[in-house]
Amino acid sequence: MEKIIIAIDGFSACGKSTLAKALAKELGYSYIDTGAMYRAVTLYFIRTHTDYTNPEAVQAALEKIHVQFKNIDQKNTTFLNGENVEHDIRQMYVSNMVSPVAAISAVRRALVKLQQVMGNDKGIVMDGRDIGTVVFPNAELKIFLTADSEVRAARRYKEYQDKNQVVDIETIKKNLAERDRIDSTRADSPLKCAEDAVVLDNSNMTQTEQLQVALDLTNQKLKTILA
Ligand code: CDP
């Protein structure tokens, strides 16, 4: 069976990882959450008090960072230097630092290289900000996900509630807006829709509906490839 690369990009908290995970499961593909990789690097910088404005300090830190994914209890789980950091990287103190760290070219170079190796054998669904534009410009299918900003904030709020964590909605809104601003305006690989991406606004879609749309797009693509 022919395998392809599926790139899912879009703004913060618009459901990229939910869609990417479900799509990968349906297709029997691997799922790579590139945001988790930027979050893991950010967590390392915070813990080690790395001055991210100092290029030498950033380089030295990057050489000590090893990010991996492991399947734990059927869940894609992020490891930083052998430690399960899946919980820590989702905390607000990491969300508040991740976009400035992800704007650093040396950080991007290191992680993009790793992501390209992960996609070597195809059969992968990767979500992020620059997957269709920079990491895999030749990805067979590119989806650019968007959703209304109020809907996105409400979804992220619910995620925290489901994990019994207290974060107020205004803090979430501010964080999402600030990350969108930094991610879209940075000089290196800004978040933007690839010219050949399919734009999908999921503000009024259920998870099942968005999965169905993505599956249909995948099947159409596979048909044209095999034709
Ligand atoms: O889950 P959420 O949409 O809130 O964010 P994420 O996918 O975990 O990504 C966290 C941050 O990492 C983003 O706000 C970007 O600053 C950065 N990122 C990036 O620059 N490039 C990627 N391919 C993925 C994430």
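The values are calculated or read from the model by the stated rules, or taken from the named source; none is laboratory data. Every value quoted in this text rests on a predicted model; they were computed, and no experiment measured them. Heads up, the Cβs are rebuilt from the backbone with ideal geometry, glycines too, and the neighbour counts pull from every protein chain shown. What goes into the accessible areas is simple: the full protein's heavy atoms, side chains included, and nothing from ligands, DNA or RNA. Shrake-Rupley method; radii C 1.70, N 1.55, O 1.52, S 1.80 Å.
Selection of first residues in segment 79-92 that are acidic (Asp, Glu) and of second residues that are open to solvent by less than 50 Å² (accessible area, probe 1.4 Å), restricted to Cβ pairs under 8 Å at least 6 apart or on distinct chains, gives the following pairs, ordered by first then second residue: Glu86/Ala36; Glu86/Thr77; Glu86/Thr78; Asp88/Leu43; Asp88/Val94. In this entry, Val135 is excluded by the filter for residues that are within 24 Å of Thr78 (Cα to Cα) and free of Cβ contacts under 8 Å to residues at least 40 places away in the same chain. Close contacts from segment 168-188, counting a first residue that is at pLDDT below 95 and a second that is not in a loop (DSSP other than H, G, I, E, B), with Cβ to Cβ under 7 Å and a gap of 6+ residues or different chains, come to none at all. Residues in segment 91-119 that are within 8 Å of the ligand (Cβ to nearest atom) and either in contact with a His (Cβ under 6 Å, 6 or more places away or on another chain) or over 19 Å from Thr185 (Cα atoms) (or both): Leu111, Gln115. In segment 121-227, counting only helices (runs of 4 or more DSSP H) that sit wholly within it, the ones holding 1 or more residues that are within 11 Å of the ligand (Cβ to nearest atom) and open to solvent by 70 Å² or more (accessible area, probe 1.4 Å) span 149-162, 169-185. Take the residues in segment 107-120 that are in contact with a strand residue (DSSP E or B) (Cβ under 7 Å, 6 or more places away or on another chain) and open to solvent by less than 60 Å² (accessible area, probe 1.4 Å); name whichever of them is farthest from Val41 (Cα to Cα). It comes out as Gly119. The test for being within 16 Å of the ligand (Cβ to nearest atom), out of contact with any Cys (no Cβ under 8 Å at 6 or more places or on another chain), of a type in the set (Gly, Ala, Ser) and at pLDDT 95 or above holds for Ala20. Remark: Thr34 falls outside the filter, which requires a residue to be among the hydroxyl-bearing types (Ser, Thr, Tyr) and either farther than 16 Å from Val135 by Cβ or in contact with a Cys (Cβ under 6 Å, 6 or more places away or on another chain) (or both).
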